[in-house]
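Working notes, structure below.
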Amino acid sequence: MTTRGKPPEKEEFAWILDYLPYGSSDDKRPAYQKKPLVQAVGEIHFVLMELVPKEGKVPDIQSRVYIGDGDRDLVDHVKHRIPYQDLSHGAQLELPYILEKTVKHDEERFVKFFNDAHPITNRLHMLELLPGIGKKLMWAIIDERKKGAFKTLEELHERVGGVHSPGKVVVNRIIDELKDDNIKYRLFTIPPRRQRSH
């Protein structure tokens, strides 16, 4: 369901949600054998993952780190993808704030979503999948964008008064998609699949 001109499949950057000095809570080994883990969310597809930091490195929560190929400053390797339910309590609390930062960081992409959103079926429009947007607001957005494309999320809010915080609306949809592996339509995330670590 991501828009045309698909972004690359593999995440290159991730945002740090939590640092777990003794690794995952379901690791039953004694503390001295456990290695630190970092929980993070990818920047493009919002993939939730666990990363293994380099020896002696402690990434700051809410920081953006490189996880692509080649030299990485902080991350040794991506351990695996995890479901929302495996996030630590701290990571779950941090997620909405970090997603807001991510949306701001790549605002153009989300403005484009509002400008390009189209019907999925005869009865359902992409915009209606966003929390708080029903038929009335959907038509208000469509009518308004016919007069000229939105340039920023703030401008969208100013022109369509009912959409109070477009960035938060997007964040809430991303969280809905991350929480539900079986959600029917995905606007911003990719479905879970069993991945080997890379």
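The values are calculated or read from the model by the stated rules, or taken from the named source; none is laboratory data. On a predicted model such as this, the values are computed, not experimentally measured, just so you know. Virtual Cβ from ideal backbone geometry, glycine too; neighbours counted across all protein chains shown. Note: areas computed on protein heavy atoms with side chains; ligands, DNA, RNA excluded. Shrake-Rupley method; radii C 1.70, N 1.55, O 1.52, S 1.80 Å.
Descriptive notes on the structure:
- Restricting the calculation to Cα atoms, segment 7-130 yields a radius of gyration followed by a Dmax of 16.8, 58 Å.
- Relative contact order of segment 58-198: 28 percent, from C-alpha pairs under 8 Å at least 6 residues apart in sequence.
- With a Förster radius of 30 Å applied to the C-beta separation of residue 122 and residue 85, the computed FRET efficiency comes to 0.30.
- On Cα atoms only, tilt of 135-146 relative to the major axis of the chain in degrees: 80
- Isotropic mean projected area of the C-alpha convex hull, segment 111-186 (nm²): 4.9
- Note on segment 44-198: semi-axes of the ellipsoid equivalent to its C-alpha gyration tensor, largest first and rounded to whole Å, are 33, 17, 13.
- Positive-pole candidate from 133, 119, 157, dipole of segment 98-158, charges at beta carbon: 119
- Distant alpha-carbon pairs in segment 70-122 (separation over 17 angstrom), percent: 66
- Averaged per residue, the chain has 56 square angstrom of accessible surface, using a 1.4 angstrom probe with ligands and nucleic acids left out.
- Between helix 89-105 and the chain: long-axis angle, C-alpha atoms, 0 to 90°, nearest 10: 50
- Where N is the number of residues in segment 142-198, Cα Rg divided by 2.2 N^0.38 Å: 1.53
- As a fraction of the 1.4 Å probe accessible area of the chain, surface on carbon and sulfur atoms comes out at 51 percent.
- For residue 37, the residues whose modelled amide H falls within less than 5 Å of its own, excluding neighbours fewer than 5 places apart on the same chain, are 20, 22, 23.
- Relative protection proxy for 123-134, 13-24, from highest mean packing down: 13-24, 123-134 (other beta-carbon atoms within 10 angstrom).
- Helix 107-116 and the longest principal axis of the Cα set of the chain meet at an angle near 40°.
- Relative packing of peptides 62-75, 152-165 - highest average C-beta neighbours within 10 Å first: 152-165, 62-75
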